[in-house]
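The values are calculated or read from the model by the stated rules, or taken from the named source; none is laboratory data. Nothing here was measured: the structure is a model prediction, and the numbers come from that model. Neighbour counts are summed over all protein chains in view; Cβ atoms, including those assigned to glycine, are modelled from backbone coordinates with ideal geometry.
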Amino acid sequence: MSRQAIFEASLGYFLEPIVPLLEDDTVTEVMVNGYDDIYIERRGKLEHTDRRFASEDALLSAVHNIAQWVGREIHEEKPVLDARLPDGSRVHAIIPPSARGGTILTIRKFARQTLTLDDLVGFGSLSEQAKEFLELCVRLHKNMLISGGTGSGKTSLLGAMTRAIPEEERIIVIEDTSELRLIQKHCLYLEAQHGDTAGRGALNVRQLFINSLRMRPDRIIVGEVRSGEALDLVQSMISGHAGSLSTIHANSARDALVRLETLSLMSDVEIPIYVARAQVASAISLIVQIARFSEDGSRKITRISEARGLDENGQYDTVDLFVNRLLGKAEDGRLKAELAPTGEKPTFAAEPYEQGMGDWVQYSQALWSK
């Protein structure tokens, strides 16, 4: 019996109260707020369940079991655990005293089938015209940020957009906790490692990113920018590694750029604010904003914006190329919307034709110039 098979069997025992939820394909997240208080997310909406662990000790034992099998520690001095289940689902746990009401366990389930941009068009999250525009921008090696709040679908959209990357490129994927699965064969996956209590064996996203630059990448995908690695990412974008894709937590295109600037300043390399701002403005081409609508739980792209450097006041200049317009509700209560072009053309509107990609242009002709 393999080690992974033993791990799966032990998980089935310790997580028995929530196993049916983990096996339910309609459930995307399981949130254990306490041993007798369990919620799930289904189709974008939260639901309370009648599931419960036998006791606080039973829940805590389950968390310790996960930590043991992934080779990490969780205790009073280190009360937070980030891990991954054998099927790829992401686990986060916090135990007392940091969790005052008892152990908290959150499991973001790993989708068995990755979404495509065509799927997003079918869901009404994206228009055919915007889909083609994004695919062309990926092929044109534009640096893009996917921006949105927690649970808005940033990683799923990122995974869908990577499908437009040509098969012949060498792709390096860097994540804190591995989630992405790309369809290309020449793809290398790097995952951050947490050190032991003495800090040994730790390897963070920034260190992985620096190493990836020595691996002859054609394309670097960073699952989420959240710390000082932002500076390395930005500088690589403006020094020959175009076409990078990443996600960031922000509520608008301008906020995404401001946050990227702030994260760049968190690096141990001291640079003036105006330098960080100028580099971010030069590096990023497009920001794709995505949101989850509480009205029906749907996730939709709300804006595709171009970053056009800095204005005369030294502030980020962003222009919306696509804007989501709500059209009402369908009979089933779902929101109807259309992601439509604003009439603005990107500053790189001639590039598809200049680079011999004119045959790819079908639905998005209005945004390009011959």
If you go through segment 356-365, how many residues are in a loop (DSSP other than H, G, I, E, B) and surrounded by 13 or more Cβ atoms within 10 Å (Cβ to Cβ)? 4
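Return yes when S178 is within 13 Å of the chain's Cα centre (by Cα), assigned to a strand (DSSP E or B), within 25 Å of L260 (Cβ to Cβ) and of a type in the set (S, T, Y) and no when it is not.
On the way: within 13 Å of the chain's Cα centre (by Cα): yes; assigned to a strand (DSSP E or B): no; within 25 Å of L260 (Cβ to Cβ): yes; of a type in the set (S, T, Y): yes.
Criteria not met by S178.
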Scan segment 210-231 and give yes if some residue there is basic (K, R), in a helix (DSSP H, G or I) and surrounded by 15 or more Cβ atoms within 10 Å (Cβ to Cβ), otherwise no. no
Tell me, which residue of segment 60-82 that is within 27 Å of the chain's Cα centre (by Cα) and touching a residue at least 60 places away in the same chain (Cβ under 8 Å) is farthest from A9 (Cα to Cα)? K78
Hits in segment 76-107 (condition: at pLDDT 90 or above and in a loop (DSSP other than H, G, I, E, B)): P79, I95, P96, P97, S98, A99, R100, G101, G102, T103
Condition first: crowded, with 16+ Cβ neighbours inside 10 Å and among the polar types (S, T, N, Q). Now tell me which residues in segment 22-42 satisfy that. T28, N33
Just to be sure I understand the filter: pairs with C-beta atoms under 6 Å, separated by 6 or more residues or on different chains, first member in segment 265-276 and assigned to a helix (DSSP H, G or I), second member surrounded by 11 or more Cβ atoms within 10 Å (Cβ to Cβ) and of a type in the set (S, T, Y). Which pairs pass? A276/S264
State whether one or more residues within segment 238-253 are outside any loop (DSSP other than H, G, I, E, B) and more than 16 Å from the chain's Cα centre (by Cα). no
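Let's see how each residue does on (1) in a helix (DSSP H, G or I); (2) surrounded by fewer than 19 Cβ atoms within 10 Å (Cβ to Cβ); (3) not acidic (D, E):
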position: V280; (1), (2), (3): yes, no, yes
position: E338; (1), (2), (3): no, yes, no
position: E344; (1), (2), (3): no, yes, no
position: T347; (1), (2), (3): no, yes, yes
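Hey, among G124, G102, which residue is assigned by TED's automatic domain parsing to the domain that holds I287 and either closer than 30 Å to L245 by Cα or in contact with a helix residue (DSSP H, G or I) (Cβ under 7 Å, 6 or more places away or on another chain) (or both)?
Details: G102 fails: assigned by TED's automatic domain parsing to the domain that holds I287.
Residue meeting the stated conditions: G124.
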